[in-house]
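The values are calculated or read from the model by the stated rules, or taken from the named source; none is laboratory data. What you are looking at is a predicted structure, and each value in this text was computed from that prediction instead of being measured. Ideal geometry is used to build each Cβ from the backbone, glycine not excepted, and the neighbour counts take in all protein chains shown.
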Amino acid sequence: HIRPLIGDEKLQGCKDCVTVVPNKPQVQIGSHSFTFDHVYGNSASPSSSMFEECAAPLVDGLFQGYNATVLAYGQTGSGKTYTMGTGYRDGCQTGITPQVMNALFNKIETLKHEVEFQLHVSFIEILKEEVRDLLDVASVNKSETANGHAGKVTVPGKPPIQIRETSNGVITLAGSTEVAVSSLKEMAACLEQGSFNRATGSTNMNNQSSRSHAIFTITLEQMRKIGTVRPGESSPVDDMSEEYLCAKLHLVDLAGSERAKRTGSDGLRFKEGVHINKGLLALGNVISALGDEKKRKEGAHVPYRDSKLTRLLQDSLGGNSRTVMIACISPADINVEETLNTLKYANRARNIQNKPIVNRDPISNEMKKMRQQLEYLQAELLCARGGGSSTDEVQVLKERIAWLEANNANLCRELHEYRSRCSAVDQCETDSQEDGNCFMKSDGLKRGLERLDSSDYPMNEIITGDSSKEIDEEVAKEWEHTLLQNTMDRELNELNKRLEQKETEMKSFGGSDAVALKQHFGRKITELEDEKRIVKQERDRLLAEVESLAATSDGHTQKMQDVHSQKLKALESQISDLKKKQESQLRKEGRRNEYERHKLQSLNQRQKLVLQRKTEEAAMATKRLSSQVVST
Ligand code: ADP
Ligand code: MG
């Protein structure tokens, strides 16, 4: 911001040494050229557009929860106070601060129906590393009594203002006056009062103000009114979607940046100058640390704590704030050295990258959580009352009932099937006593016994005694066992037949040689073994069927089934013993035939006798056991 030449400079015959490059935010002083975001004054953009372009976006940001800072930097008399508008001038509207206040209240006016606002202002001055409360009259008066010199700004009973950092890194001023304001008028009054206090803090107005940093802070708190709809807006603006937001705007009128040598006339003034520059020196170091990309990447130390100013503006510099720095310069050639310093300083500051974030309050987070919980509970209540979602539940239950009913029908059908099968078995038993052939009457079992020629084995011999109609399934099992026994018997009979066949063959083979005989017997044995395997498979299949039947019946039947199975196993082992004996006999016979062909006849005869006896024994055992089964 280039101010025009003022009366004093004109009187001194100073020349304008600052050139603005047309249509570019660029200034030239001699061979030096500086480019900024904006250049105002002189032949550049009019000063009046500065607020709209630089400060208005920050005011908007406040409503979104972003902190903001506007700093005015420059040598004494360069126009900082004029630019910031923080000087006590009744009704003056040209500076940034009055325009900020106007914009703020205009926006509040448009939003006040949906949002609850709370505004606070504080106005402090940092003079010689002491914080003065410009809104506390007592503090100012105390300072005044020190005859404009470095009097302690503490008041009895009131602790001095301290810069504190909260646990979440927020810098606060403890002990400073925070005035709650609800109107533009009230806020303007605070600004005026503070400006006045600052001005009267010294007998020499210019000297005092040039040595101190003045910070006017506006704190904006917003609470969205629940249940309101903003007219004419479909999607909520991000600032409004939050319940609570808090943002601060610092308007900083810095002390004169000129070097100490220029300030001092007497020793005391020089000392003050050094003191004042402490804040600016620290600010310079902070800016340099933040503005140097290399240093920043290395995570270099930023000396915020070197001064109260930098400590207080920690967030504004490289932190959580949108910050605008206005370099104020005089165009006069006599100030060219300071002007160049200011522009260099500003150039470095331009490199700083801040990280502004929306300032949500912990209360806001808590409220968010509570609202979620409330929604959840409301949904639950709706469910409990049989609201919306319970219809789906009923549908699911209906489907389940239908499925269970279908299942039940299936099971009933199955039960009925088993019952009818059992009664068929009963019928079969009765029938078999009459004609001895019942296989065709039981469909379920027919398949398993297709290969059996029942006519060979009269059933009436096996099925004896009264069948108990009460325990149908048990009877069915018994019947199956009997059939199995029949199969075994038939197998045995088959073997006997084959033995006979073999005997006749032996007779016919009477004259052939030993090798041929051996081959013949080997073939026969293989055939027998194959036959045996088939019969065994048949038996296994039947057993499996019996087992599956047992699985579907109740516990009592299961017990009976177990008993029967054991008996059946005993029978089977007996039969298998017989078969083994028979086979070994066959082999033995084969061997003998090889060597003693002439003795074959007599041996076969003996063998036959043995087998016949064994067969008889087996038949007897079978009969005995089956009668036992039936009686059980
Ligand atoms: P600083 O605060 O930097 O010491 P001031 O704001 O007090 O400087 O300005 C010094 C003088 O210059 C004041 O009289 C002020 O009215 C005048 N001045 C500053 N800037 C401008 C400007 N842009 N237009 C007109 N006068 C200005
Ligand atoms: Mg000033």
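Is it fair to say H1 is farther than 20 Å from A188 by Cβ and buried (at least 23 other Cβ atoms within 10 Å of the Cβ)? Spelling it out, H1 is indeed farther than 20 Å from A188 by Cβ and buried (at least 23 other Cβ atoms within 10 Å of the Cβ). Among the residues of the stretch 139-167, the ones that are modelled with pLDDT under 75, not hydrophobic (A, V, I, L, M, F, W, C) and not in a helix (DSSP H, G or I) come to 10 in all. Condition first: under 15 Å from T217 (Cα atoms), in contact with a helix residue (DSSP H, G or I) (Cβ under 6 Å, 6 or more places away or on another chain) and part of a strand (DSSP E or B). Now tell me which residues in the stretch 307-329 satisfy that. Those that are under 15 Å from T217 (Cα atoms), in contact with a helix residue (DSSP H, G or I) (Cβ under 6 Å, 6 or more places away or on another chain) and part of a strand (DSSP E or B): R322, V324.
Which one of S627, S565, S602, S573 is among the hydroxyl-bearing types (S, T, Y), assigned to a helix (DSSP H, G or I) and at pLDDT 80 or above? Quick ask: steps written out before the conclusion?
Numbers: S627 fails: at pLDDT 80 or above; S565 fails: at pLDDT 80 or above; S602 fails: at pLDDT 80 or above.
One residue alone meets the criteria, S573.
Of a type in the set (G, A, S), at pLDDT 55 or above and part of a helix (DSSP H, G or I) - does that describe any residue in the stretch 452-461? For the stretch 452-461, residues of a type in the set (G, A, S), at pLDDT 55 or above and part of a helix (DSSP H, G or I): absent.
Determine whether the stretch 368-378 contains at least one residue that is without any contact (Cβ under 8 Å) to a residue 40 or more places away in the chain, among the hydroxyl-bearing types (S, T, Y) and assigned to a helix (DSSP H, G or I). Yes, the stretch 368-378 contains a residue that is without any contact (Cβ under 8 Å) to a residue 40 or more places away in the chain, among the hydroxyl-bearing types (S, T, Y) and assigned to a helix (DSSP H, G or I). Is there a residue being in contact (Cβ under 8 Å) with a residue 24 or more places away in the chain, closer than 29 Å to I163 by Cα and touching a Leu at 6+ places or on another chain (Cβ under 7 Å) anywhere in the stretch 327-344? Checked against the condition, which is being in contact (Cβ under 8 Å) with a residue 24 or more places away in the chain, closer than 29 Å to I163 by Cα and touching a Leu at 6+ places or on another chain (Cβ under 7 Å), the stretch 327-344 yields at least one hit. Figure legend. Inter-residue proximity from the stretch 1-21: first residues within 14 Å of L343 (Cβ to Cβ), second residues more than 9 Å from ligand 1 (Cβ to nearest atom) and of a type in the set (D, E, K, R), beta-carbon distance below 6 Å, spacing 6+ or different chains. Indicated pairs: C17/D333. Of all residues in the stretch 79-112, exactly one satisfies the criterion of being hydrophobic (A, V, I, L, M, F, W, C) and at pLDDT below 90, namely C92. Applying the set (1) over 30 Å from L245 (Cα atoms); (2) modelled with pLDDT of 85 or more; (3) within 16 Å of ligand 1 (Cβ to nearest atom) to E130 leaves exactly one unmet item: (3).
Would you say E221 is within 30 Å of E116 (Cβ to Cβ) and at pLDDT 90 or above?
Considered against the rule, which asks whether it is within 30 Å of E116 (Cβ to Cβ) and at pLDDT 90 or above, E221 comes out as yes.
For the stretch 91-112, state whether one or more residues are touching an Asp or Glu at 6+ places or on another chain (Cβ under 8 Å) and within 20 Å of T323 (Cβ to Cβ). No: zero hits.
Examine the stretch 549-557 for a residue that is loosely packed, with under 15 Cβ neighbours inside 10 Å, at pLDDT below 75, under 26 Å from T482 (Cβ atoms) and touching a helix residue (DSSP H, G or I) at 6+ places or on another chain (Cβ under 7 Å), and state whether such a residue exists.
So the first thing to find is which residues in the stretch 549-557 are loosely packed, with under 15 Cβ neighbours inside 10 Å, and the list is 551-552, 554-556.
Then drop every residue that is not at pLDDT below 75, which leaves 551-552, 554-556.
This time we only want the ones that are under 26 Å from T482 (Cβ atoms), so: 551-552, 554-556.
Right, trim to touching a helix residue (DSSP H, G or I) at 6+ places or on another chain (Cβ under 7 Å) and you get 552.
Yes: one or more hits.
Of the residues in the stretch 360-386, how many are at pLDDT 75 or above and of a type in the set (S, T, N, Q)?
Going residue by residue through the stretch 360-386, those that are at pLDDT 75 or above are 369-383.
Still in the list and also of a type in the set (S, T, N, Q): 372-373, 378.
Final tally of qualifying residues: 3.
The set of residues from the stretch 183-218 being β-branched (V, I, T) and either away from ligand 1 (no atom under 15 Å from the Cβ) or modelled with pLDDT under 85 (or both) comprises T200, T203, T217, I218. A count restricted to the stretch 17-27 and to residues that are under 14 Å from A346 (Cα atoms) and either assigned to a strand (DSSP E or B) or out of contact with any Asp or Glu (no Cβ under 7 Å at 6 or more places or on another chain) (or both) stands at 2. Considering only residues in the stretch 325-361 that are among the hydrophobic types (A, V, I, L, M, F, W, C) and surrounded by fewer than 15 Cβ atoms within 10 Å (Cβ to Cβ), the one that is farthest from the chain's Cα centre (by Cα) turns out to be I334.
Mind checking which residues of the stretch 287-306 are under 22 Å from I215 (Cβ atoms) and either in contact with a strand residue (DSSP E or B) (Cβ under 7 Å, 6 or more places away or on another chain) or not in a helix (DSSP H, G or I) (or both)?
Restricting attention to the stretch 287-306, the residues satisfying the condition of being under 22 Å from I215 (Cβ atoms) are 287-291, 302-306.
The answer is V302, P303.
Report, by residue number, each residue of the stretch 67-87 that is within 6 Å of ligand 1 (Cβ to nearest atom) and touching a Gly at 6+ places or on another chain (Cβ under 7 Å). Matches in the stretch 67-87: T76, K80, T81, Y82.
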